[in-house]
Amino acid sequence: MDYQVVIPAAGSGKRMNAGKNKQFILLKGKPVIVHTLTVFEQDPACSGIILVINEKEKGDFLKLIELYHFKKVKQLVAGGAERQESVYNGLKACDSDIVLVHDGARPFIRQSHIRDLVLSAQEADAATIAVPVKDTIKKAENLQVVETIERSSLWLVQTPQAFRLSLILSAHEHAVKHQFAGTDDASLVEFMKHRVKIVYGDYTNIKLTTPDDLLFAKAIMESERG
Ligand code: CTP
Ligand code: MG
């Protein structure tokens, strides 16, 4: 089934500390956002990309779209102060039944996982890619362990996340109304008491967040995936 994808890329990449938006960091000679856009450009089921950007960087993004001949980028939408606002702005430009939200800073997503995710969203209306937590997770206060959380039910949630458009739009509106801030879009759907399905992803689908992530990114690029 066809879908459109909202790609938030309007952040400033503070934790990456690269002196620029991390979307423009080069991996194998190409900006991160180019790797991300290429996955969706090449997916036959993707009918359109809504790229959410900082207006100040519009010219830089437009140049890349032209240089790499991205034909599916339908619209460049201005982002907001927080990711949640950026995604909401992007969603308002969508008109497909199923919509994906995928971070521009997550360039290693595989097409097979996108397919699984879309199928799941068709059934459940809301689904996210995730992987099981491998480490032991403890809750602490003032460097004092308070609790060890049972790992078997914990998942590391990634993007893409897929939703029926009407559901995710109302989840964003509901969140604004109740001043609920989530770090992902699925949590807004959960806040409306709607269930979200998990779809297995893989551990290489990292988000480039801090400088050490670039070490992993280079290794992934060098592997057979890159
Ligand atoms: N994002 C966005 N609009 C914002 C903030 C973030 O579109 N106001 C995007 C980022 O560009 C990124 C994705 O959301 O692709 C995930 O956010 P994050 O990893 O936090 O990126 P940044 O906000 O850029 O990084 P930092 O939090 O370290 O400043
Ligand atoms: Mg951020």
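The values are calculated or read from the model by the stated rules, or taken from the named source; none is laboratory data. Source: prediction; values computed, not measured. We place every Cβ from the backbone using ideal geometry, glycine too, and count neighbours over all the protein chains shown.
Only strands (runs of 3 or more DSSP E) whose full extent lies in region 63-160 are considered here, and the ones with at least 1 residues that are out of contact with any helix residue (DSSP H, G or I) (no Cβ under 7 Å at 6 or more places or on another chain), among the β-branched types (V, I, T) and more than 16 Å from ligand 2 (Cβ to nearest atom) are 126-132, 144-149.
Are any residues in region 1-42 over 16 Å from the mean Cα position of the chain (by Cα), closer than 30 Å to Q122 by Cα and modelled with pLDDT of 95 or more, and if so, which ones? The answer is D2, Q42. When the residues of region 73-84 are filtered to those that are buried (at least 18 other Cβ atoms within 10 Å of the Cβ) and closer than 24 Å to A186 by Cβ, the one that is farthest from ligand 1 (Cβ to nearest atom) is V77. When every residue of region 108-116 is checked against the conditions, at least one turns out to be away from ligand 1 (no atom under 16 Å from the Cβ), aliphatic (A, V, I, L, M) and within 14 Å of the chain's Cα centre (by Cα). Contact map, region 88-108: residues that are over 19 Å from L188 (Cα atoms) paired with residues that are part of a loop (DSSP other than H, G, I, E, B) and more than 16 Å from ligand 2 (Cβ to nearest atom), Cβ distance under 8 Å, separation 6+ or inter-chain. Pairs shown: S96/D2; R106/N205; F108/T204; F108/N205; F108/R225.
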